[in-house]
Amino acid sequence: MTLPKTNIQSLVKQVALSVLLLGTTLPAVSADNRTAVWLNENEKAMLLKEMRQFLVASQKILAASLKEEMESVETTAREVGIKQMRSTPASLTKKLPEGFKALGPKIHKGFEDIAYEAETMGDSAVILERLAELQQTCISCHATYQIKVSTD
Ligand code: HEC
């Protein structure tokens, strides 16, 4: 069957219009397309606990820097520094994607740098700058990965 040319043109227009309408009526961000990191329930709990410690530490460092309380900055930052990085079990680390594994240590090293600055020069402006920079890494990892639970 051959359709007259005008019919084909109107069909094309209709299809184009419905595609356009569909595109505009669907919610802009419907699905969570971030890369899944598959962990079991325990590993997820462990990772999220560490995350909450990051948030608490960031807030404490911010508040203590504003009050020039360098000892408090140092103690807080050390707790989430290199020592904490070393305590991550190998069974968990091996499940993490390469990109994730690159960003995690950046956080611990960043906190360690803050602790060092507090211990030595104690310049609150430098600490605040480092904290702001560190938080860019929190943001980029959160934008890229999500945790999903598997049974193993
Ligand atoms: C290497 C990747 C990565 C880095 C870096 C990272 N996070 Fe996370 N964080 C995650 C993932 C993945 C989740 C879970 C998100 C999801 O599944 O939706 C999460 C969840 C969280 C949560 C929610 C915890 C809960 O109990 O649900 C907080 C708070 C958080 N992160 C804080 C931080 C802060 C603050 C930093 C930076 C100092 C940071 N994170 C850096 C990957 C990261």
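Brief remarks follow.
- Sorting THR76, THR88, THR93 by the number of Cβ atoms found within 10 Å of their own Cβ, with the fewest placed first, yields THR93, THR88, THR76.
- Modelled label positions at ARG52 and ALA102, each set 7 Å beyond Cα in the direction of Cβ, lie 3.1 nm from each other.
- A full extension of the chain between ASP123 and HIS142 corresponds to an added length of 3.9 nm, given 0.36 nm per residue minus the alpha carbon distance.
- Order of SER87, SER58 under a 10 Å beta carbon neighbour criterion, fewest first: SER87, SER58
- Ranked by how many other Cβ atoms sit within 10 Å of their own Cβ, fewest first, the residues LEU62, LEU39, LEU48 fall in the order LEU48, LEU62, LEU39.
- Nonlocal amide H pairs with TRP38, under 5 Å, H built at 1.01 Å: LYS148
- Cross-link pairs exceeding 20 Å between alpha carbons, from the set LYS83/LYS109; LYS109/LYS148; LYS44/LYS109; LYS67/LYS106; LYS67/LYS109: LYS109/LYS148; LYS44/LYS109; LYS67/LYS106; LYS67/LYS109.
- Ellipsoid equivalent to the range 39-149 - semi-axes via the Cα gyration tensor, in Å: 27, 13, 12
- Summing +1 for each Lys or Arg and -1 for each Asp or Glu among the other residues whose beta-carbon sits under 14 angstrom from that of SER72 gives -4.
- Within the straight-line cut-off of under 18 Å between alpha carbons, the aspartates and glutamates reachable from LYS94 are GLU41, GLU43, GLU50, ASP152, sequence neighbours fewer than 8 places apart in one chain being disregarded.
No lab work stands behind these numbers, since they all come straight from the coordinates. Computed from a predicted structure; not experimentally measured. FYI the Cβ positions are ideal-geometry reconstructions off the backbone, even for glycines, and counts take in every protein chain you see.
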